[in-house]
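Data block below; observations after.
The values are calculated or read from the model by the stated rules, or taken from the named source; none is laboratory data. All of these numbers come straight from a predicted model, not from anything done at the bench. As a convention, Cβ positions derive from the backbone with ideal geometry for all residues, glycine included, and neighbour counts pool all protein chains shown.
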Amino acid sequence: MRRSFWKSNLMKPLRAVFLVFILLALLVLLRWTCSGPCGKDTPVDRAGDLLAIMGKKGMQKNAVLIGRKTGRWFVCVQKQTRQTAKAFQNLKRKSGF
């Protein structure tokens, strides 16, 4: 009985490299879709919003969407504030103050 080329000993390391390559590509794609300016909803955010509002109607749906968007804005503003403070500290340190 002949072994297929895909199951041969030669292909085992190549399969591992291919798997690592695919995982890294998915990680880069996820990172790219999740990053963006604070006001822009990413595809991941929209998908989460769709799951969060399933089965809700009217005011309840709007309240959930507003709460989620406000939470995203709050986290983003906190992150930008930390980055600005860190940049200011580095500038202050470099200028000698």
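A few notes on this one:
- Sole residue being among the hydrophobic types (A, V, I, L, M, F, W, C), modelled with pLDDT of 90 or more and surrounded by 11 or more Cβ atoms within 10 Å (Cβ to Cβ), chosen from A87, A63: A63
- Considering K69, K56, K79, the condition of being outside any helix (DSSP H, G or I), modelled with pLDDT of 80 or more and surrounded by 11 or more Cβ atoms within 10 Å (Cβ to Cβ) is satisfied by K56 alone.
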